[in-house]
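This report concerns only the one structure given below.
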Amino acid sequence: LSRDDFRVAAEEQLPIVDARLYLALLEERFGIPAELFKEYSFFRANAQAIWIVRRGLPLPARPAPYAVGMPFYYYRLRHPRPTTPAALRWGHLATRHVAELDGEQIKPFIGYQDVPQRPDQAAAFSRGYWLVRYRGQLLGVGLATTDDADRPVFRALTPKYWRLRLDQLAAGSDDDSTTEE
Amino acid sequence: MPPPMDIPYDLHKLERYRDIVGDWPAFAEASLAPLPTTLWVNTLRGSREEIAAWLADDGVETTPLAWYPRGLRVVSGRPGKSFAFLTGACHVQEEVSMMPIVLLDPRPGDSVLDLCAAPGNKSTQAAVHMEDRGDLVACEVNEGRLGLIVRNVERMALTSVATLNTNAGNLPREVGSFDRVLADVPCGCEGTTRKNPSLLHRTGIPPGSLAGSQISLLRKAIQRCTPGGRIVYSTCTYAPEENEAVVDTLLREMDGRLRLLPARIDGVRGAPGLSSWQGREYLPEVAQTLRLYPHLNDTGGFFIALLEKASDGGFP
């Protein structure tokens, strides 16, 4: 197929950033190899997150895109962390700092509440970010830290719309087709 | 005049299709029955078997769709409550709505344009078909619905989708050209009565009144398609004015530079496109389009046309 293409590569249109720091963090903390991301580019989409896009993705010259790719890393935090979509997509490659939650812990996690820890976990959870797994499925990112009274807590870092959805489900207005037109 | 006894009052709006749907009593019964829930799996996360097992862990029993290797039909349980749904390992979508992308058949490395994308069901399905290694441009005119596309892209965790807020009917040349274009256009939605029975009781949009914008959108799809590329035109309505007539108009307008390919899927029962309606004769090849009625596969109603644009040297 021949293309009379007006489109230009994402790298020429977006505010591309050097993501080596974040890839190094990802590799250091979770063992996810940085070189895996050679086929992607990274750009600053907003003040919170570095976004990831397939390398060389051709974008229309006009009109300008509203959104491209997906959020990858929250870089403005004192301790940058991977986004939930990044955890969902590449978390299965992690070799360390993966927390397996149980049935009691999973609901507060989804609901962005502090997760009660089992005695064996409190000792094992080193401070910092953890990927969270439940029955073998990657679910997102959590933070092992301490509360004001210096007690260990495991904090859920899940997207806001998950909470909204959970509220909808609790209110009994479950519409399984949610986004279907 | 009271309605004939064999037509539930609900079905009055569909009565104009009595003579084209084949088995009218079966059509009537199916159109009022609840719609089975179906979903497709995000194969970037796991195989259909793995994701079906995750769903089963959450109390959602499924059975594979025979015609679609990525599809599952829900036997019991609420998939919208499952972790697999929340985390984008699967996506709830009506069975017939999965078919346009199957016919468009995007492959890794392809470029795909979706003209009317929100909420992004078919866009994300296409990107997953391409293993997130193609490029997909999703257009949506309604600014308030862009968030739905972005959220679905994030849930599925896709890196190859660009979303545009634009009226696809006015897409400029600068948007580029694409190997595959999907025109899943706004329509009268008569085929969705199983999901939205209230449609049968509302005055709604008169059949065919959207034909003008549907023709513009299909024309734009053809313009933005690379020579030799494929276009899928689809609606969820029965009105021939919005289906065969639109395709017929563009076939005549393109005068040999556009042709229909058979819109057929193994394992799916459908009816061929109509040859005429209310005095208007369509080109004979319009029969290659696909009409889907609720009673044929226990789905919603749908219409799909699969088109090919001539390469610069014409058709091979």
Any residue in the range A:125-132 that is at pLDDT 75 or above and within 14 Å of chain B (Cβ to nearest Cβ)?
yes
If you take the residues of the range B:222-279 that are among the β-branched types (V, I, T) and within 19 Å of B:N297 (Cα to Cα), which of them is surrounded by the fewest Cβ atoms within 10 Å (Cβ to Cβ)?
B:I265
Of everything in the range A:70-80, what is within 9 Å of chain B (Cβ to nearest Cβ) and without any contact (Cβ under 8 Å) to a residue 40 or more places away in the chain? Give them in sequence order.
A:M70, A:P71
Can you report the number of residues in the range B:78-109 which are over 18 Å from the mean Cα position of the chain (by Cα), buried (at least 22 other Cβ atoms within 10 Å of the Cβ) and among the charged types (D, E, K, R)?
0
Go through (1) more than 10 Å from chain B (Cβ to nearest Cβ); (2) part of a helix (DSSP H, G or I); (3) modelled with pLDDT of 95 or more and name the single condition A:P108 misses.
(3)
Tell me, which strands (runs of 3 or more DSSP E) wholly within the range B:1-113 include 1 or more residues that are among the basic types (K, R) and under 25 Å from B:L292 (Cβ atoms)?
B:71-76
From the set of residues in the range A:133-161 that are free of Cβ contacts under 8 Å to residues at least 60 places away in the same chain and hydroxyl-bearing (S, T, Y), which is farthest from the other protein chains (Cβ to nearest Cβ)?
A:T146
The condition of being among the hydroxyl-bearing types (S, T, Y) and not in a strand (DSSP E or B) holds, among B:S234, B:S213, only for B:S213
How many of the residues making up the range B:155-174 are within 7 Å of chain A (Cβ to nearest Cβ) and surrounded by fewer than 23 Cβ atoms within 10 Å (Cβ to Cβ)?
5
With (1) at the interface with another protein chain (Cβ under 7 Å from one of its Cβ atoms); (2) surrounded by 21 or more Cβ atoms within 10 Å (Cβ to Cβ) as the list, and B:G134 as the residue in question, which single condition is left unmet?
(1)
As an exercise: evaluate B:V150 against (1) within 11 Å of chain A (Cβ to nearest Cβ); (2) not in a helix (DSSP H, G or I) and give the number of the one condition it does not meet.
(2)
Looking at A:T84 and the list (1) polar (S, T, N, Q); (2) in contact (Cβ under 8 Å) with a residue 60 or more places away in the chain; (3) more than 14 Å from chain B (Cβ to nearest Cβ), which single condition is not satisfied?
(3)
Is one or more of the residues making up the range A:131-146 assigned to a loop (DSSP other than H, G, I, E, B) and farther than 23 Å from A:L26 by Cβ?
yes
Those residues that are in a loop (DSSP other than H, G, I, E, B) and within 19 Å of B:S123 (Cα to Cα), I need them from the range A:40-54; list them, please.
none
Within the range B:286-316, track down each residue that is touching a Leu at 6+ places or on another chain (Cβ under 9 Å) and without any contact (Cβ under 8 Å) to a residue 24 or more places away in the chain.
B:A287
Can you tell me how many residues in the range A:55-98 are crowded, with 23+ Cβ neighbours inside 10 Å, among the β-branched types (V, I, T) and not in a loop (DSSP other than H, G, I, E, B)?
2
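The values are calculated or read from the model by the stated rules, or taken from the named source; none is laboratory data. Since the structure is predicted, the reported quantities are computational estimates derived from the model, not experimental observations. Quick reminder, even Gly has a Cβ in these numbers, built from the backbone with ideal geometry, and neighbours come from all protein chains shown.
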